[in-house]
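Just so it is clear, none of the values below were taken in a lab; they were calculated from the coordinates. What you see is a predicted model; the values in this text were computed from it and never measured. As a convention, Cβ positions derive from the backbone with ideal geometry for all residues, glycine included, and neighbour counts pool all protein chains shown.
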Ligand SMILES: *[C@@H]1O[C@H](CO)[C@@H](O)[C@H](O)[C@H]1NC(C)=O
């Protein structure tokens, strides 16, 4: 091989290596990073690189999966498409949790509550620290999440937790330890979990609308996840900028349907301490 050919080979090798790493970034392999938690054959991985996963729910059972590894901080992106049509009673989840057997677990929750056809999904978010939760915020969306895949992201760094949909922040939950508030998950590593299950005793319109089993099996789709916990990752310093703050305010004004920090009935004695700071 002449010098020129060797250079060409090198160029091709570099180009292929770049392509491979770019694909790995865009679409992780569910078979490598995750394992089933329940539902047996109702958890189905597909695609040449294992980059798609479908969960189903039928009368027998729901289904779910979790990451094999644990993470202490990072950013997780998951493309999801929810149960279409009459999804009342079904709950689809994507969340982080530390070991629940300790009784003092941490958790960062995204839950998607189904609805009757034509009525909006509810996005439920919550944060647990040392076994305590009660930090709920809920939203509707500005699109129908059962028609197409959208990207749902959790950014978790020592300063904040951010919930995003297609890069638009729905919610920012900050660490106010500099103000003496210790409620923030920051020492226990967490796994990534996802599930589809029946919760028709509470999920839709307060439990009044039941799951229509004649429409079963119900299916929710996950694909192209990305986990970034790299040392120099952008997630480390991720925060609001003027544009994303404007988007957050737009969501809060038009799509927020519940905020624990304004629930006077529930917290008639005292609001959780972070509420007096938590205005973005
Ligand atoms: C379902 O639709 C009703 C009526 O639009 C709405 O109030 C509710 O928030 C929606 N979501 C759930 C989970 O009930």
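Summary table below
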quantity: Over 31 Å [Cα-Cα, the chain], rounded percent; calculated: 31
quantity: Listed residues 127, 155, 251, most fluctuating in the chain (Gaussian network, C-alpha, under 10 Å); calculated: 251
quantity: The stretch 94-175 - convex hull of the alpha-carbon atoms, volume per residue in Å³; calculated: 104
quantity: Relative contact order (%) - criterion: Cα under 8 Å, at least six apart; region: the stretch 3-277; calculated: 25
quantity: Per-residue Cβ neighbour rank within 10 angstrom, fewest leading, 122, 90; calculated: 122, 90
quantity: With Cα atoms, 0 to 90° folded angle of helix 3-26 axis to the chain main axis; calculated: 10
quantity: Where N is the number of residues in the stretch 127-280, Cα Rg divided by 2.2 N^0.38 Å; calculated: 1.16
quantity: Which of 264, 156 has the fewest Cβ neighbours within 10 Å, and the rest in rising order; calculated: 264, 156
quantity: Diffusion coefficient, µm² s⁻¹, Stokes-Einstein with Kirkwood Rh over alpha-carbon pairs of the stretch 39-186 at 4 °C and 1.567 mPa s; calculated: 78
quantity: For the stretch 201-280, the fraction of alpha-carbon pairs in successive 10 Å shells from zero, as %; calculated: 12, 21, 31, 27, 9
quantity: Square roots of five times the Cα gyration tensor eigenvalues for the stretch 28-119, Å; calculated: 23, 18, 14
quantity: Selected from 263, 200, 212 as most flexible by GNM, with the chain as the system and alpha-carbon contacts under 10 Å; calculated: 263
quantity: Principal axes of the stretch 94-137: Cα extent on each, largest first, Å; calculated: 41, 16, 12
quantity: Cβ crowding within 10 Å averaged over residues, with 28-37, 79-88 ranked highest first; calculated: 79-88, 28-37
